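I have placed the structure first, in the form of structure tokens, so that the comments after it can refer back to it.
The values are calculated or read from the model by the stated rules, or taken from the named source; none is laboratory data. Owing to the predicted nature of the structure, the values given are computational and were not obtained by experimental measurement. Here the Cβ is made from the backbone with ideal geometry for all residues, glycine too, and neighbour counts use every protein chain on show. Each accessible area value is taken on the protein alone, full model and side chains, heavy atoms only, with ligands, DNA and RNA left out. Shrake-Rupley method; radii C 1.70, N 1.55, O 1.52, S 1.80 Å.
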4 protein chains.
Amino acid sequence: MILVDPYPRTLDQIFSAGARARLEALAPVAWHEGPSVGPELVEPLLPELVAVVGQTALPAERLERAPRLRAVLNVEGNFLPNVDYADCFARGIAVLGIGPVFGQPVAELALGLALAGARDILRGDAEIRAGTEVLFDEGGNGGSFLLAGKTVGLVGCGSLGRALLPLLHPFGCELLAHDPWLPGESIRALGATPVGLVELFSRSRVVFVLSPPTTENTGAIGRTCFEAMAPGSVLVLVSRAAVVDWPALLDAAASGRIRAAIDVFPEEPIPAGERARTTPGTILSAHRAGNVPEVWREVGEMVATDLEAVLAGREPTRMQAADPATVARLRSRPIG
Amino acid sequence: MILVDPYPRTLDQIFSAGARARLEALAPVAWHEGPSVGPELVEPLLPELVAVVGQTALPAERLERAPRLRAVLNVEGNFLPNVDYADCFARGIAVLGIGPVFGQPVAELALGLALAGARDILRGDAEIRAGTEVLFDEGGNGGSFLLAGKTVGLVGCGSLGRALLPLLHPFGCELLAHDPWLPGESIRALGATPVGLVELFSRSRVVFVLSPPTTENTGAIGRTCFEAMAPGSVLVLVSRAAVVDWPALLDAAASGRIRAAIDVFPEEPIPAGERARTTPGTILSAHRAGNVPEVWREVGEMVATDLEAVLAGREPTRMQAADPATVARLRSRPIG
Amino acid sequence: MILVDPYPRTLDQIFSAGARARLEALAPVAWHEGPSVGPELVEPLLPELVAVVGQTALPAERLERAPRLRAVLNVEGNFLPNVDYADCFARGIAVLGIGPVFGQPVAELALGLALAGARDILRGDAEIRAGTEVLFDEGGNGGSFLLAGKTVGLVGCGSLGRALLPLLHPFGCELLAHDPWLPGESIRALGATPVGLVELFSRSRVVFVLSPPTTENTGAIGRTCFEAMAPGSVLVLVSRAAVVDWPALLDAAASGRIRAAIDVFPEEPIPAGERARTTPGTILSAHRAGNVPEVWREVGEMVATDLEAVLAGREPTRMQAADPATVARLRSRPIG
Amino acid sequence: MILVDPYPRTLDQIFSAGARARLEALAPVAWHEGPSVGPELVEPLLPELVAVVGQTALPAERLERAPRLRAVLNVEGNFLPNVDYADCFARGIAVLGIGPVFGQPVAELALGLALAGARDILRGDAEIRAGTEVLFDEGGNGGSFLLAGKTVGLVGCGSLGRALLPLLHPFGCELLAHDPWLPGESIRALGATPVGLVELFSRSRVVFVLSPPTTENTGAIGRTCFEAMAPGSVLVLVSRAAVVDWPALLDAAASGRIRAAIDVFPEEPIPAGERARTTPGTILSAHRAGNVPEVWREVGEMVATDLEAVLAGREPTRMQAADPATVARLRSRPIG
């Protein structure tokens, strides 16, 4: 039996007819849609359960009663603490996540936002609509700059950074990176120079914030960082709002010193009164970096491919195995 | 004697103190600023003139009286018909243009506009400011798509296309190109597949219009092309407006079928009543693709480097030698 | 306590003074050199053992007596069956291998051998030394070809293939790949086209054999494959000899139809009477692809970095976590 | 009338049936094969001559009598001094060369030779055939090194260097370049660091000599350069022997300090007694870098394509326009 419980995604967002058929060819499937799968549904499935697709609660007492369980395929993007991961590893259950699937969509939007910031695309459009555009010879476009040859910094060099780096390579930028979890030699192996956080902000004309939030880095990117940025620099925030000092970021944008392109917010859905809605110097995007329709359908194909592999005793090739050492430490829900 | 007459650029836009000093080390320099250098200024310089930096009128009768002229360094971006190019070639005078310098800035903006179109960045920003953003799960971001793996078409494979292609490579797109001046084997050598104009529009999710206007292609990209595009496709126009059927382009954008990112206009400065100002489905930019401050300063360095080379009997390495066969056929002024 | 038992490597091959000091900063280290660490040495260490660097036998009964064991760091390149991997996974012990470290050296030699084959470098050198070189205009170099634009096939798309692909990209080849363990969509995601084994051999001008041997693919690349190759094609074998039908490969090279560049042999050290030693049409290399001095010193740095990470509760970033599903199925010792 | 006189190439080396037909569709063609086209053949053609394909002597007095001549298409690789180039430029005759066609084949062989040197591929093969190969654990392969991450130097950054650089990029090397004709900013624009000649040799683990010979650089790369190289470094010489101090190069290789891969010789065909034939520490290749069969057939297609373009008043896109400033200064015949 396979339990599919993809909340907060819907079945239709993820599964094409083809992907559904691939799962049903492996085992009977219990398709669940909606916010919470209750015990009355989960408990009877446990004895025959071979895989869970989703973030269904799986404490040790449930795992004990699921002797045939072979795989937990998270389709949320983050590993929530409602699963006893240690017990899964001890039992040899594959714990797979979809992290890598967001690399490309987030990297593409991040680069798009960086170029929009560097070239002031939104203001350029607004001025023509308002009839206030200024000729280049009279000072128009004065704040624009090229990426080519500039210094660019990445805060975080995980799957998002690894997806962004190839898109940046043809620009010939000097690449700096800061990632407290990666040794310097690993950063150098990616073609970037490891530097401290404040040095990264002070030297980079564009800074990409790509680090996942942890219990340790909440608000770690603060006023000191933003004040170190050269005037006219661009910051692109696409991981989670919790890693920055939010008021300090909005202050820096509002002051006109930097431009901030922001895809994630401290509270989501964004409250009506969120200050960012009216902060100048920003480009705003409502958590759309990874949320592209074709990406979620790709998740369905990945789930089918890797569940086929695991049940056949082969190595999964599309999803990412959770790391025992860190799966429990990541959390990436916006802080309410 | 070197005549510097960079109109419509100003001296300050192009020349740093360092670049000025480099020119002055080569020969006495007549620095001219403003719309038109009159005969009273040009004629006395002819006997000693070794180089002209700018688009000063040089008909055959003037060239005859400039026996020591070695180089004409165009800094306007287009070769205007006020120079007798055939006579320059016959006399062994180097005719150099700055075409290549615009490759990178235009390519960067073109990619930025393509990503802004593919991800609907401007609408996403506007909706948050208006408080009308829609959650992904409720249909928000439904029209967004990735560049990765899509088919992308380039109309024109000259210096703009050659600068854009490397930026597209890491996206792994299928690349189509149409350039009536380039044989298919040259297009294939660039890594793209040569196709007809309508096939390019019908197969590409993103179309970049990069072809310079000529006496032959005015309005060549018309209604048939736009109607061939798949719904939700993106067109990026960054060369000159004259190559497209302007009303047909705006109709296509207004209909909601495609999104059109437009950097060039039939008349510039853009008239107050230009219809594009209010056309939905567009992203507008006031001829800012190449007009980035650092680009024009780079022109000054190129001019100094290559004039040093020519006067020393070496090959110029930064600017582009004009091609005798085609220099007279290009024109790229917007049609008034 | 850390047990370092790197046989068949020596301590000096792997560990610089710096790497030794890094290990000793983590825990007391038992450094062992030589073919086999006896029970008299291992058993007393078990109660305090936190890590094993090497391929020391670790059956379940030993693991039971090593309650503090956190990591097994294989430095041999293959996971041998003398460890109870299932028990390690159940106990939450990190099982790490050095597979990725060989990607670059093997890819560089594989490309070097392919170019040596395509350009007949060895014959070219031998002819000059023998005074028998032939002018190009009289037929010399007639069998040489360019990689650029050719079709190239990879048998195996694991870590070796992933290291080789970037080196091939600038040649603009059409890339085919065959890997029975990888679904077609994963191969496409690497930029190659998945094809069947015989189709790969029949269409490729250069074939790289990069697949690790398994219990299932012994000799799988046989006469049918070699006979499908176009005359003048090049085969590069750098994984293990066991995956090919050895006599059939040598027959194909000896016939003059193909050139075969071979780094691995059925028996190693290579017996004096090995037929390959005198087979024409071959380029021979004595298992030198991965065995480059600087690579083994890099292993020492990787071990230190990742052991530091695991003992600090962080994710290892340099070595590769063994996959529970397949670790027991790989074997790559040449068949004696 | 088109005169085709491709000596030292033969008609068959260059022209497929298709390429011949393309030329004949443009004008009547006089096909000549063999060492020297005499005046009795050339003189009568002059009045109707529209193009010369080859290195036929064209002094001013002949050009005068060829009023319809539009193009001189050199297919030899070098511009010899038997043409009055200044007169061609003055007359508006296109002077085109095939320089760019050799970029890829030379770059591929140069990389192959570099890898053969870095990995000692030839010695490795010879030892197995002699039965004297040494196990890695007993010191075998001790002199091998990786390109990845090393410093690599290019002497000359013209068309050969520009073809080689993309092949080197995925190795992640630090790239140095020396080219007295290129300003430092142009070298930096290619992604390399400009340095002096001796610094380049002293810092690079692999040095590629790619500079064409001129009247000024004969033997410029001498003993001081070779002595500056670190022991175990590799030199790859693929442009012309005249640019190096030949005895000093062979001394350096013979001493065991460096390995030298050599494709060009002071005298060609190589004399029987040439010392290099017996010099240890070398890899020898008989001017095969550019002389690959498919390359010369490609030349035929380039000639047809660009002659079609020139006669139709379009810009040539495959061959390279000769530079007026330098065409007369290059010479690249081996010094007899």
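Quick notes on this one:
- Scanning segment C:255-277 for residues that are surrounded by fewer than 17 Cβ atoms within 10 Å (Cβ to Cβ) and either of a type in the set (Gly, Ala, Ser) or over 30 Å from C:GLY142 (Cβ atoms) (or both) yields C:SER255, C:GLY256, C:GLU267, C:GLU268, C:PRO269, C:PRO271, C:ALA272, C:GLY273.
- Residue within segment A:102-111 that is under 26 Å from the mean Cα position of the chain (by Cα), more than 28 Å from A:THR326 (Cα to Cα), surrounded by fewer than 22 Cβ atoms within 10 Å (Cβ to Cβ) and not hydrophobic (A, V, I, L, M, F, W, C) present: no
- C:ALA19 vs. criteria within 18 Å of C:GLY300 (Cβ to Cβ), of a type in the set (Gly, Ala, Ser), surrounded by 15 or more Cβ atoms within 10 Å (Cβ to Cβ) and under 28 Å from the mean Cα position of the chain (by Cα): yes
- Residue selected from segment C:278-289 under the condition over 18 Å from D:PHE136 (Cα atoms) and open to solvent by less than 30 Å² (accessible area, probe 1.4 Å), by the criterion nearest to the other protein chains (Cβ to nearest Cβ): C:ILE283
- Top-ranked residue in segment D:122-148 [being open to solvent by 10 Å² or more (accessible area, probe 1.4 Å), assigned to a helix (DSSP H, G or I) and aliphatic (A, V, I, L, M); ranked as farthest from D:VAL234 (Cα to Cα)]: D:ALA130
- The condition of being modelled with pLDDT under 95 and either more than 14 Å from chain A (Cβ to nearest Cβ) or open to solvent by less than 50 Å² (accessible area, probe 1.4 Å) (or both) holds for only one of B:GLY313, B:GLY300, that being B:GLY313.
- Looking only at segment B:107-136, and only at residues there that are small (Gly, Ala, Ser) and at the interface with chain A (Cβ under 7 Å from one of its Cβ atoms), the one that is farthest from A:GLU108 (Cα to Cα): B:GLY131
- Subset tally (residues that are out of contact with any Phe, Trp or Tyr (no Cβ under 8 Å at 6 or more places or on another chain) and assigned to a loop (DSSP other than H, G, I, E, B)) for segment D:38-75: 14
- Number of the condition not met by A:SER255 [criteria: (1) of a type outside the set (A, V, I, L, M); (2) in contact with a His (Cβ under 8 Å, 6 or more places away or on another chain); (3) away from every other protein chain (no Cβ under 12 Å)]: (2)
- Qualifying residue in segment A:40-49 (condition: surrounded by 16 or more Cβ atoms within 10 Å (Cβ to Cβ), of a type in the set (A, V, I, L, M) and within 29 Å of A:GLY290 (Cα to Cα)): no
- Scanning segment C:79-96 for residues that are touching a residue at least 60 places away in the same chain (Cβ under 8 Å), part of a helix (DSSP H, G or I) and surrounded by fewer than 17 Cβ atoms within 10 Å (Cβ to Cβ) yields a total of 1.
- All of (1) within 28 Å of A:ARG314 (Cα to Cα); (2) within 14 Å of chain D (Cβ to nearest Cβ) hold for C:ASP306 with one exception: (2).
- Pairs meeting the criteria (first residue in segment D:1-24 and assigned to a helix (DSSP H, G or I), second residue of a type in the set (D, E, K, R), beta carbons under 6 Å, at least 6 apart or on different chains) are D:LEU11/D:GLU33; D:ALA19/D:GLU301.
- All positions within segment B:61-102 that are of a type in the set (D, E, K, R) and within 13 Å of another protein chain (Cβ to nearest Cβ): B:ARG70, B:GLU76, B:ASP84, B:ASP87, B:ARG91
- Filter result for C:PRO269 (within 14 Å of chain D (Cβ to nearest Cβ), part of a loop (DSSP other than H, G, I, E, B) and out of contact with any helix residue (DSSP H, G or I) (no Cβ under 9 Å at 6 or more places or on another chain)): yes
- Sole exception among (1) more than 14 Å from every other protein chain (Cβ to nearest Cβ); (2) open to solvent by 30 Å² or more (accessible area, probe 1.4 Å) for C:PHE226, by number: (2)
- Condition met for B:ALA242 (out of contact with any helix residue (DSSP H, G or I) (no Cβ under 7 Å at 6 or more places or on another chain), closer than 16 Å to B:ASN78 by Cα and touching a residue at least 12 places away in the same chain (Cβ under 8 Å)): yes
- Residue satisfying condition, being out of contact with any Lys or Arg (no Cβ under 7 Å at 6 or more places or on another chain) and either under 19 Å from C:ILE98 (Cβ atoms) or among the aromatic types (Phe, Trp, Tyr) (or both), within set C:LEU41, C:LEU11, C:LEU45: C:LEU11
- Search result, residues across segment A:185-215 that are open to solvent by 30 Å² or more (accessible area, probe 1.4 Å) and free of Cβ contacts under 8 Å to residues at least 40 places away in the same chain: A:GLU185, A:ARG188, A:ALA189, A:LEU190, A:GLY191, A:THR193, A:PRO194, A:GLY196, A:VAL198, A:GLU199, A:SER202
- Enumeration of residues in segment A:306-323 that are of a type in the set (S, T, N, Q) and either within 17 Å of the chain's Cα centre (by Cα) or farther than 25 Å from C:VAL95 by Cα (or both): A:GLN320
- Residue in segment B:207-216 that is part of a loop (DSSP other than H, G, I, E, B) and at pLDDT 95 or above present: yes
- Any chance B:VAL37 is in contact with a Ser or Thr (Cβ under 9 Å, 6 or more places away or on another chain), more than 30 Å from B:ILE258 (Cβ to Cβ), open to solvent by 10 Å² or more (accessible area, probe 1.4 Å) and of a type in the set (A, V, I, L, M, F, W, C): yes
- Matching residues in segment A:149-193 - criterion: being over 28 Å from B:GLY103 (Cα atoms), assigned to a loop (DSSP other than H, G, I, E, B) and either in contact with a Cys (Cβ under 6 Å, 6 or more places away or on another chain) or more than 8 Å from every other protein chain (Cβ to nearest Cβ) (or both): A:GLY156, A:CYS157, A:GLY158, A:ASP179, A:PRO180, A:LEU182
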